[in-house]
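S.K.: For reference, the structure I am asking about is given below.
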Amino acid sequence: MINAPIEVCFDLARSIDLHMESTKQTGEKAIAGKVSGLIGLGETVAWQAKHFGIRQTLTSKITRFEYPNYFTDEMVSGAFKSFRHDDLFSSVDGQTIMKDVFDFESPLGMLGKLANFIFLTRYMRNLLEIRNKVIKEAAEATS
């Protein structure tokens, strides 16, 4: 729940610059495609970051977009077998409810499923929670 207009929250969630701010701990940077500003339908961004001591690159594309209600980014290339992230927004009594639906599948079959269970799901959830906290703070500071 964010005490800010839905349009403000939506735009902050698709801000390349704010995303980099929220992922400082991994050194995440936009290195190709849309590298700053607000990403939109059909646009791609290639991210480079260090996770688990390994520099990785993941390219995602905005595949669904309805302003200011939702957008979806899906992995085009990267370490996951598949990766889809839906950002959903609704307005209730002047506040915004922001919800993430995040589906990913790790490579390596059963080994990947074991990694998800032991640590990866928790790690990814933590990254989203940090991102959402930064979005909430930025949105409420501007409203």
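What follows is calculated from the coordinates using simple rules that are stated; it is not laboratory data. This structure is a prediction, so every number in the text was calculated from the model and none was measured. All Cβ positions, even for glycine, are placed from backbone atoms using ideal geometry, and neighbour counts span all protein chains on display.
S.K.: Scan the range 93-109 for residues that are closer than 15 Å to K81 by Cβ and more than 12 Å from the chain's Cα centre (by Cα) and report the count.
M.R.: 6
S.K.: Still on this structure, please answer the following. Residues of the range 21-38 being in contact with a Phe, Trp or Tyr (Cβ under 9 Å, 6 or more places away or on another chain) and either among the basic types (K, R) or not in a strand (DSSP E or B) (or both), which ones?
M.R.: T23, E28, K29
S.K.: Right, something else. For the range 62-73, name all the residues that are more than 14 Å from V8 (Cα to Cα), surrounded by fewer than 16 Cβ atoms within 10 Å (Cβ to Cβ) and not polar (S, T, N, Q).
M.R.: Listed by number, the residues that qualify are R64, E66.
S.K.: I want to confirm something. Restricting to the range 75-87 and keeping residues that are surrounded by fewer than 17 Cβ atoms within 10 Å (Cβ to Cβ) and in a strand (DSSP E or B), which single residue is nearest to the chain's Cα centre (by Cα)?
M.R.: Ranking the candidates gives D86 first.
S.K.: Go over the candidates L18, L58, L41, L12 one by one and state the one that is under 19 Å from D103 (Cβ atoms) and either in contact (Cβ under 8 Å) with a residue 24 or more places away in the chain or part of a loop (DSSP other than H, G, I, E, B) (or both).
M.R.: Going through L18, L58, L41, L12 in turn, just one is under 19 Å from D103 (Cβ atoms) and either in contact (Cβ under 8 Å) with a residue 24 or more places away in the chain or part of a loop (DSSP other than H, G, I, E, B) (or both): L58.
S.K.: Filter the range 33-60 down to the residues that are in contact with a helix residue (DSSP H, G or I) (Cβ under 9 Å, 6 or more places away or on another chain), of a type in the set (A, V, I, L, M, F, W, C) and crowded, with 16+ Cβ neighbours inside 10 Å and list them by number.
M.R.: I39, V45, W47, A49
S.K.: If M110 meets every condition in (1) hydrophobic (A, V, I, L, M, F, W, C); (2) more than 24 Å from A49 (Cβ to Cβ); (3) crowded, with 16+ Cβ neighbours inside 10 Å apart from one, which number is that one?
M.R.: Result: M110 fails condition (3) only.
S.K.: When residues of the range 88-143 are filtered for being out of contact with any helix residue (DSSP H, G or I) (no Cβ under 7 Å at 6 or more places or on another chain), acidic (D, E) and part of a strand (DSSP E or B), how many remain?
M.R.: The qualifying residues number 2.
S.K.: Restricting the search to the range 117-143, which residues are of a type outside the set (A, V, I, L, M, F, W, C), surrounded by fewer than 16 Cβ atoms within 10 Å (Cβ to Cβ) and closer than 20 Å to T26 by Cβ?
M.R.: T121, R122, Y123, R125, N126, E129, K133, E137
S.K.: Quick check on T63: is it touching a Ser or Thr at 6+ places or on another chain (Cβ under 8 Å), part of a strand (DSSP E or B) and more than 27 Å from I118 (Cβ to Cβ)?
M.R.: Yes; evaluated as a whole, the condition is true for this residue.
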